[in-house]
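Beneath this line is the structure, given in structure tokens, with notes to follow.
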Amino acid sequence: MKTVLYIITSFCVVALAFWAYRENYATQQAFRDTGKLHSDIREAHARLAVLRAEWAYLNRPDRLRELADLNFDKLQLLPLRPNQFGRVDQVDYPRAPELIIDNAIDVSSQNSEEALP
């Protein structure tokens, strides 16, 4: 009986060692994947910072004004003036749809005494 117990115990120890070995490598792989994701995120942030800087550089008012002047014949862009904007009270908002009741019940013919409990 002791031999069977020793064999079962040895088998359990080997099985747990195999499980621990696999978990160790799975954990290391998860750490590598996490590190790669962090580096990808850092690279994406760096690319985003460069794109924002380029966008700010390309949208400089003096550059846009110069481009508008150069292409005035094609685009005919003029500077904005305050009278080109409207007021809020000039906005025509859509009206709310009317509520249509299809199954109306006529209660005018009921007596007030019948309605009370």
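Contact list please: Cβ distance under 6 Å, first residue in the stretch 42-69 and assigned to a helix (DSSP H, G or I), second residue surrounded by 10 or more Cβ atoms within 10 Å (Cβ to Cβ) and aliphatic (A, V, I, L, M), pairs at least six apart or on different chains.
Note: pairs meeting the criteria are Ala68/Leu77.
Cβ-Cβ under 8 Å, sequence separation 6+ or interchain: first residue in the stretch 73-87 and surrounded by 10 or more Cβ atoms within 10 Å (Cβ to Cβ), partner of a type in the set (A, V, I, L, M). Which pairs?
Close Cβ pairs satisfying both conditions: Leu75/Ala68; Leu77/Ala68.
Just a yes or no: is a residue in the stretch 102-117 of a type in the set (A, V, I, L, M) and modelled with pLDDT of 85 or more?
no
On the basis of being surrounded by fewer than 10 Cβ atoms within 10 Å (Cβ to Cβ) and either modelled with pLDDT under 85 or at positive phi (or both), does Pro97 make the cut?
Criteria not met by Pro97.
The values are calculated or read from the model by the stated rules, or taken from the named source; none is laboratory data. Source: prediction; values computed, not measured. Quick reminder, even Gly has a Cβ in these numbers, built from the backbone with ideal geometry, and neighbours come from all protein chains shown.
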